[in-house]
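This report refers to the structure that appears directly beneath it.
The values are calculated or read from the model by the stated rules, or taken from the named source; none is laboratory data. Quick caveat, the model's predicted, so the values are computed rather than measured. Note that each Cβ is placed from the backbone with ideal geometry, even for glycine, and that neighbours are counted across all protein chains shown.
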Amino acid sequence: MRDNRPKSRLLAFGSAGALVTATLIAGAVSAPAASADSRHGQGREARGAEIAAARAAKAGIDWQDCPADWGLEKPIQCGWVSVPLDYAKPYGKQIKLAVDRIGNTGTPQERQGALIYNPGGPGASGLRFPRRITTKNAIWANVAKAYDFVGFDPRGVGHSAPISCVDPQQFVKAPKADPVPDTEADKTAQRELAREYAEGCAERSGAMLPHMTTPNTARDLDVIRAALGEKKLNYLGVSYGTYLGAVYGTLFPGHLRRMIVDSVVDPSRENIWYQANLNQDIAFEGRWKDWQDWVAANDAAYHLGTTRAAVQAKWLELRATAKKNPIGGVVGPAELISFFQNAPYYDSSWAPVATVFSKYFAGDTKALVDAAAPDLSNTAGNISAENGNAVYTAVECADAKWPTSWRKWDRDNTRLNQDYPFMTWANAWMNLPCATWPAKQLTPLDVRTHRGLPPVLIVQSTRDAATPYQGAVDLHKRFQGSRLITEKDAGSHGVTGLVNPCINTRVDAYLIDGKLDTSDVTCAPHATPKP
């Protein structure tokens, strides 16, 4: 399941300064990068990353106004950073990564460097991060005085050598088959679709697939750091961006200055990525019920029932109707899940999703079609739902070895679906291409502290559906000296972007002054949504 996903596959997150000189002083590419990478049996890639970073430090970034069709207003600037496709061959084929920035809003004396952001996915673009300054996002106003905000499209994403697995028009075609199988024939049909999708990835993007890995993206991140003229990295990662940060901290501990990871992927080898998706199914069910309880408590506004069971009955009624006759001809069960899963992801979606749900039962089908039908305009250029899904699949399939036995997939998901039916089968089909993946699959990195890693700040809500709480606990144990802020009894995915002074003030203190509490902190939840 993805965070920040394009609709109809499954996780979503957000986004600038005195100009940065593009020269890196000698010694900025320091030995820990090579030694840490080498400890993981990746010596050639470590040397390649060192070469690429030195080259990028010398070249810098030629900052220009962003292309008009990128939707990034002045004074945001855009540029390119070249990285090796294969870090074992640093002088071989290069690809260009799109980056953007906006300078810090404070004085030159207040500036502390660049803060680089990854919003998750894998497959999401970080280029909108600098817009947190141009749109005057108050939560980030203090941090913006100290840092340039820098975003980038990771390899394969958007403007950075984009990959594809199927024709974008075909990808958004609706309605798709009901993800919940009624018969063995339904399962066979979904298995065939997954196999065809994997084959399409090989046909359309085969040369990129072996190199679409989180360790390579972490190396790309270090090359971007060097190209910016930064001796050490300041990093904010959300959702999958936390795993990217964890891998970076393992490979390049001596290159890290400050890091916040928010809504944390459990980085254990056993979790990446098959088990992670099974664990999501359980967590999504819990947060789906939280939302139903809230809808029931606000029955005066939504008229969907005064109990969770009553709201669930309405959901099943809507689902059965869409299965029999897709609403508006385009919204079937698959499209419903893509829309309704926004509620378990973010409680900022609780009221909008409930409103659409309520309007449908009041006789307004247009609101549901407008909200849940696929965006047929999202098929042109590099930024598309299809591209995001292709990158999600390519990275998760390449990062780890997946089960190839259909019997195991069928057994695990059939069992889970009995108690956690909201997302289980939709998530299974989304990831099933990894069972027949046509490119090399890695053994996941052993993420943990190495000499030189500074204290990392970890932020997590206890009822997060996309990245269950245990992930934050596990990374906290692996990164010695880290601090964990727990938002208790909350479940939004992506906590640092929400108004919660208990969290916001600590994020500011860490990024601006390097201050952390002497022990872990538990915060009360942010405000509950109102109808």
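In table form, for the structure just shown:
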| read-out | value |
| --- | --- |
| Out of 505, 518, 467, sole residue that is hydroxyl-bearing (Ser, Thr, Tyr) and crowded, with 18+ Cβ neighbours inside 10 Å | 467 |
| Residue match in the range 307-314 (condition: touching a Pro at 6+ places or on another chain (Cβ under 9 Å) and among the hydrophobic types (A, V, I, L, M, F, W, C)) | no |
| Only one of 463, 478, 483 that is over 24 Å from residue 350 (Cβ atoms) and either out of contact with any Ser or Thr (no Cβ under 7 Å at 6 or more places or on another chain) or hydrophobic (A, V, I, L, M, F, W, C) (or both) | 483 |
| Within the range 79-97, tally of residues that are over 13 Å from residue 60 (Cα atoms) and small (Gly, Ala, Ser) | 2 |
| In the range 504-531, the residues that are within 23 Å of the chain's Cα centre (by Cα) and under 15 Å from residue 141 (Cβ atoms) | 504, 507, 508, 511 |
| Residue identified as of a type outside the set (Val, Ile, Thr), within 15 Å of residue 158 (Cα to Cα) and more than 23 Å from the chain's Cα centre (by Cα) among 69, 62 | 69 |
| Listing of helices (runs of 4 or more DSSP H) fully contained in the range 293-342 that carry 3 or more residues being of a type in the set (A, V, I, L, M) and crowded, with 17+ Cβ neighbours inside 10 Å | 308-324, 333-340 |
| Of residues in the range 468-518 being part of a loop (DSSP other than H, G, I, E, B), polar (S, T, N, Q) and out of contact with any helix residue (DSSP H, G or I) (no Cβ under 7 Å at 6 or more places or on another chain), the one farthest from residue 247 (Cα to Cα) | 500 |
| Selection from the range 42-58 of residues that are more than 21 Å from residue 88 (Cβ to Cβ) and hydrophobic (A, V, I, L, M, F, W, C) | none |
| Residue match in the range 98-107 (condition: among the β-branched types (Val, Ile, Thr), more than 15 Å from residue 227 (Cα to Cα) and part of a strand (DSSP E or B)) | yes |
| Elements of type helices (runs of 4 or more DSSP H) contained in the range 147-266, each with 2 or more residues being closer than 28 Å to residue 58 by Cα | 214-227, 240-251 |
| Verdict on residue 129 being out of contact with any helix residue (DSSP H, G or I) (no Cβ under 8 Å at 6 or more places or on another chain) and of a type in the set (A, V, I, L, M, F, W, C) | yes |
| Subset of the range 115-155 that is charged (D, E, K, R) and surrounded by fewer than 24 Cβ atoms within 10 Å (Cβ to Cβ) - its residue that is nearest to the chain's Cα centre (by Cα) | 128 |
| Residue within the range 383-403 that is more than 30 Å from residue 204 (Cα to Cα) and hydrophobic (A, V, I, L, M, F, W, C) present | no |
| Subset of the range 167-197 that is over 21 Å from the mean Cα position of the chain (by Cα) and among the aliphatic types (A, V, I, L, M) - its residue that is modelled with the lowest pLDDT | 174 |
